[in-house]
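The structure appears below as structure tokens.
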Amino acid sequence: MEKSEIIERAKKYIAEEKDARFRKEVEDLLAREDFKELEDRFYQSLEFGTGGLRGVMGGGTNRMNTLEINLATQGLANYVIKAFPEKAKDGTLSAVVAYDSRKNSDVFAEATALILAANGIKAYLFTGLRPTPELSYAIRELKAQTGVVVTASHNPPQYNGYKAYWDNGAQVIEPHDTGIIKEVNSVKEIKTISKEEALKSGKLVLIDKEIDEKFWEMCKKQLFRSELIKEKAGTVKIVYTPLHGTGALHVEKVLGDLGLKVITVPQQREPDGAFPTVEKPNPEEAPALKLAVELGEKEKADCVMATDPDADRFGTAFPDKDGKFVLVSGNQMGALLCEYILLSRKELGLMPKNPAAIRSIVTSPFCDYICSKFGVKMHECLTGFKWIAAVEDEFEKSGSENYVFGLEESYGYKVEKEVMDKDGVSAAAICAEMTLYWASQGKSILEHLNDMWKEYGFFEDRSISQNFPGSAGKETMAGIMSKLRTEGLSTLGRKNVVEIKDIQESVTFNPSSPSEKKPLDLPKSNVIQFVLEGGTIVSARPSGTEPKIKFYINARTEVAGAKCDGCLANAKKMSGELCDSISQDIKNMLNEAL
């Protein structure tokens, strides 16, 4: 990008940004003539990806700031008014706004609510930080047409984000996401109103416990074994961390009401957008659970639980026979919850007709085998829980199938129908009950996971991420995906590629017969999957919210004997060697591109 264009964009931003903090950052960069930093802040504008609008906080069009929030909200308001003309005409449009513990989240949330109110849309604004799943629940409960939660989920402290939701309680997808972007890019005027005026007019309504209490009850209603909980709850000890986020109020309340003993990590209980005890508040990464695991071992707990800052992701660890805690991956916990839910529904006569589960395309097929055993159909969808919600929404509208569970490998689970997004609070409740259940059967969670591997096969899942910062990085990412798409891969880990699924082109084919393509029934997305002989799947996908490409390896090895511990150990060894070999091939390819 030419220097003159960068300067022009920066000056335009300064003229439009009302927040003095962010405006001054850009003014100082111009004064210092720091064009490298200015280019990074202005070479593009933030766009809605799989997680909505997300970026590093600061001044600039490629940063999260008040101007970007205002533009996004005015565009959202314009789109909602056009999408619901009758409600706009009679003044009954409404929206719900929530926010997490990140820096500026409360400022961004209030700005969002006031712009919605200024556009004649009644804005229900939570009085304090709340989890993302509660925002989804509130949209459905209050029959709102849209909603926004200000959060950057599990990203590092310098990030913030803006997730837009539709009237079904799910994050926006096509055509709404592209429609909103079009409106954002066409904004000529941002309407404003003072908080006092918005409250007086009734267009701003503050909410808290009236939604909290219903949300808590909904989470508890997802459980299956009230008698077991009543009888055994006092025998289970849980260590929990909200990682300085929104989860403590809800997880402590729901599990506490069940009679479970919950010990919250004291250093991480209070909300703090600086996340002082962790580099990344991400329950997917072992360092984030370090304090919780240490406390779990000290307290001789039965389970360690963690939720990310907006409490939609849920991580766990369980003690082995020596009392040392072992982290359970997102795919493994998804399989454990899936089997427990289906087992409970079958045992208690609660399995609906035409039951169906949903997983993302980069999630392990572990649950496919479980669903097959229980007569449940598994559906695949694109990455991001909004796509799981979209498939479930189709079930609701058509009545063809009944949703029983949804999951994605990145520690996202949804056990209920009332929330149309992943929910770490309800996952914590059902996980606690599952721990009680298997304890009542004389098994720990890790022992039962071994039993599952012996029955369904051993599954090993790995991911590799490569960051590509800046405008040059974006071009490098595009080049890598283009090369994979045009040249493909014939082998990975010394295994032949027997099928290529190009989600962007909506086709699948055998590389030995590339002209014989079959259609794929999935929305287009920049993802390529390589299926190897033996069934291992390797997926390549650029992140929708961060400058990186992620590779996912999903390997399955048959276990020769259900009662053969040596056979399981051998399957683990074979899977590990295969994943090591595939990982090295991917790293070599990336090194060539850099």
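The values are calculated or read from the model by the stated rules, or taken from the named source; none is laboratory data. Just so you know, these numbers come straight off a predicted model, no measurement behind them. Here the Cβ positions follow ideal geometry from the backbone for every residue, glycine too, while neighbour counts run over all protein chains shown. Remember, those area values only see protein heavy atoms, side chains included, never the ligands or the DNA or RNA. Shrake-Rupley method; radii C 1.70, N 1.55, O 1.52, S 1.80 Å.
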What are the pairs, 6+ residues apart or on separate chains, where a residue within the stretch 260-275 that is farther than 16 Å from Leu291 by Cβ has its Cβ under 6 Å from a residue that is open to solvent by 60 Å² or more (accessible area, probe 1.4 Å) and charged (D, E, K, R)? Gly273/Lys103
Only one of Ser539, Ser515, Ser525 is part of a loop (DSSP other than H, G, I, E, B) and either among the β-branched types (Val, Ile, Thr) or modelled with pLDDT of 90 or more (or both); which? Ser525
If I go through the stretch 126-153 residue by residue, how many of them are open to solvent by less than 10 Å² (accessible area, probe 1.4 Å) and closer than 15 Å to Glu210 by Cβ? 6
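Could you list, in sequence order, the residues of the stretch 276-317 that are in contact (Cβ under 8 Å) with a residue 60 or more places away in the chain, within 23 Å of the chain's Cα centre (by Cα), farther than 18 Å from Lys414 by Cβ and surrounded by fewer than 22 Cβ atoms within 10 Å (Cβ to Cβ)? Let's see the steps before the verdict.
Kept after step one, since they are in contact (Cβ under 8 Å) with a residue 60 or more places away in the chain, are these residues of the stretch 276-317: 279-284, 299-316.
Okay, now just the ones that are also within 23 Å of the chain's Cα centre (by Cα), so 279-284, 303-316.
Imposing the further condition that a residue be farther than 18 Å from Lys414 by Cβ reduces the set to 279-282, 303-304, 309.
Listed by number, the residues that qualify are Glu279, Lys280.
Among Val328, Val376, which is over 22 Å from Val527 (Cβ atoms), touching a strand residue (DSSP E or B) at 6+ places or on another chain (Cβ under 6 Å), touching a residue at least 12 places away in the same chain (Cβ under 8 Å) and crowded, with 24+ Cβ neighbours inside 10 Å?
Working: Val328 fails: crowded, with 24+ Cβ neighbours inside 10 Å.
The match here is Val376.
When the residues of the stretch 162-192 are narrowed to those that are outside any strand (DSSP E or B) and hydroxyl-bearing (Ser, Thr, Tyr), which ends up most open to solvent (accessible area, probe 1.4 Å)? Lay out the reasoning, then the answer.
Filtering the stretch 162-192 down to residues outside any strand (DSSP E or B) leaves 167-170, 172-192.
Going one step further and asking which of them are hydroxyl-bearing (Ser, Thr, Tyr), we end up with 178, 186, 192.
Numbers: Thr178: 77, Ser186: 65, Thr192: 113 Å².
In this case the residue turns out to be Thr192.
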Thr435 in contact (Cβ under 8 Å) with a residue 12 or more places away in the chain, under 28 Å from Lys572 (Cβ atoms) and of a type in the set (Val, Ile, Thr): yes
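Just the residues that are outside any helix (DSSP H, G or I) and either closer than 18 Å to Cys303 by Cα or open to solvent by less than 10 Å² (accessible area, probe 1.4 Å) (or both), please, taken from the stretch 248-272.
Here is the first cut: in the stretch 248-272, the ones outside any helix (DSSP H, G or I) are 258-265, 269-272.
Correct list: Leu258, Gly259, Leu260, Lys261, Val262, Ile263, Thr264, Val265, Arg269.
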Tally time: how many residues in the stretch 170-192 are more than 17 Å from Val96 (Cα to Cα), among the aliphatic types (A, V, I, L, M) and modelled with pLDDT of 95 or more? 1
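Name the residues in the stretch 429-447 that are out of contact with any strand residue (DSSP E or B) (no Cβ under 6 Å at 6 or more places or on another chain) and open to solvent by less than 30 Å² (accessible area, probe 1.4 Å), would you?
Initial filter on the stretch 429-447 (out of contact with any strand residue (DSSP E or B) (no Cβ under 6 Å at 6 or more places or on another chain)): 429-434, 436-444, 447.
Across the stretch 429-447, the qualifying residues are Ala429, Ile430, Cys431, Ala432, Glu433, Met434, Leu436, Tyr437, Trp438.
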Does at least one position in the stretch 513-527 carry a residue that is over 28 Å from Leu337 (Cα atoms), in contact with a Pro (Cβ under 8 Å, 6 or more places away or on another chain) and surrounded by 14 or more Cβ atoms within 10 Å (Cβ to Cβ)? yes
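Here are Leu46, Leu53, Leu67: which of them is under 28 Å from Gly245 (Cβ atoms), outside any helix (DSSP H, G or I), modelled with pLDDT under 95 and open to solvent by less than 20 Å² (accessible area, probe 1.4 Å)?
Among Leu46, Leu53, Leu67, only Leu53 is under 28 Å from Gly245 (Cβ atoms), outside any helix (DSSP H, G or I), modelled with pLDDT under 95 and open to solvent by less than 20 Å² (accessible area, probe 1.4 Å).
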Selection within the stretch 331-351 - over 22 Å from the mean Cα position of the chain (by Cα), touching a residue at least 60 places away in the same chain (Cβ under 8 Å) and open to solvent by 10 Å² or more (accessible area, probe 1.4 Å): Arg345, Leu348, Leu350
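How many residues, within the stretch 448-478, are hydroxyl-bearing (Ser, Thr, Tyr), out of contact with any helix residue (DSSP H, G or I) (no Cβ under 6 Å at 6 or more places or on another chain) and either surrounded by 20 or more Cβ atoms within 10 Å (Cβ to Cβ) or assigned to a helix (DSSP H, G or I) (or both)?
Within the stretch 448-478, residues that are hydroxyl-bearing (Ser, Thr, Tyr), out of contact with any helix residue (DSSP H, G or I) (no Cβ under 6 Å at 6 or more places or on another chain) and either surrounded by 20 or more Cβ atoms within 10 Å (Cβ to Cβ) or assigned to a helix (DSSP H, G or I) (or both) number 2.
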Please determine whether any residue of the stretch 349-370 is charged (D, E, K, R), farther than 15 Å from Tyr552 by Cβ, outside any strand (DSSP E or B) and modelled with pLDDT under 95. no
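Here is a check on your reading of the model: is Val391 in a helix (DSSP H, G or I), of a type outside the set (D, E, K, R) and open to solvent by less than 30 Å² (accessible area, probe 1.4 Å)? Walk me through it before giving the result.
Details: in a helix (DSSP H, G or I): yes; of a type outside the set (D, E, K, R): yes; open to solvent by less than 30 Å² (accessible area, probe 1.4 Å): yes.
Yes, satisfied.
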The conditions are (1) under 27 Å from Lys550 (Cβ atoms); (2) in contact with a Lys or Arg (Cβ under 7 Å, 6 or more places away or on another chain); (3) not polar (S, T, N, Q), and Leu46 fails exactly one of them. Which is it? (2)
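Of everything in the stretch 194-246 that's in a helix (DSSP H, G or I) and of a type in the set (Phe, Trp, Tyr), which residue is least open to solvent (accessible area, probe 1.4 Å)? Break it down stepwise before answering.
If we filter the stretch 194-246 for residues that are in a helix (DSSP H, G or I), which is where we start, we get 195-201, 209-220, 226-235.
So of that shortlist, the ones also of a type in the set (Phe, Trp, Tyr) come out as 215-216.
Working: Phe215: 0, Trp216: 35 Å².
Among them, the one singled out is Phe215.
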